[in-house]
Amino acid sequence: MSPELIHIELARLVENSAGWRKRFERYDRLQDAGLSCEEAARIVTDEYQAEMREAA
């Protein structure tokens, strides 16, 4: 199990902000499109990290 997948699944248990809801929806859509949960988690994590870099 990848660290990205663990992070997403743990966050799903405790996070409920609008930003996280957006990430969870993206994660679910990627899985619905046929990606594995690990691939989807990696993409969502990469997007989140890019957002954080842009905000800094």
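The values are calculated or read from the model by the stated rules, or taken from the named source; none is laboratory data. Just so you know, these numbers come straight off a predicted model, no measurement behind them. Reconstructed Cβ throughout: ideal geometry from the backbone, glycine too, with neighbour counts over all protein chains shown. Note: areas computed on protein heavy atoms with side chains; ligands, DNA, RNA excluded. Shrake-Rupley method; radii C 1.70, N 1.55, O 1.52, S 1.80 Å.
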Check off (1) assigned to a helix (DSSP H, G or I); (2) in contact (Cβ under 8 Å) with a residue 24 or more places away in the chain for Gln49 and give me the number that stays unchecked.
(2)
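How about the range 1-32: which of its residues are open to solvent by 80 Å² or more (accessible area, probe 1.4 Å), in contact (Cβ under 8 Å) with a residue 24 or more places away in the chain and over 9 Å from the mean Cα position of the chain (by Cα)? Reasoning before the result, please.
Let us first name the residues in the range 1-32 that are open to solvent by 80 Å² or more (accessible area, probe 1.4 Å), namely 1, 3, 7, 10, 12-14, 16, 21-22, 25, 29, 32.
After this cut, where a residue has to be in contact (Cβ under 8 Å) with a residue 24 or more places away in the chain as well, the list is 1, 7.
Within the range 1-32, Met1 is the sole residue that qualifies.
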Taking the range 44-56 and keeping residues open to solvent by 50 Å² or more (accessible area, probe 1.4 Å) and either hydrophobic (A, V, I, L, M, F, W, C) or more than 17 Å from Pro3 (Cα to Cα) (or both) leaves Glu51, Met52, Arg53, Glu54, Ala55, Ala56
Looking at the range 33-43, can you tell me whether even one residue there is more than 8 Å from the chain's Cα centre (by Cα), open to solvent by 60 Å² or more (accessible area, probe 1.4 Å) and in contact (Cβ under 8 Å) with a residue 24 or more places away in the chain?
yes
Mind checking which residues of the range 16-38 are more than 15 Å from Leu5 (Cβ to Cβ) and acidic (Asp, Glu)?
Glu25, Asp32
When (1) in contact with a helix residue (DSSP H, G or I) (Cβ under 8 Å, 6 or more places away or on another chain); (2) assigned to a helix (DSSP H, G or I) are applied to Glu25, the one that fails is (1)
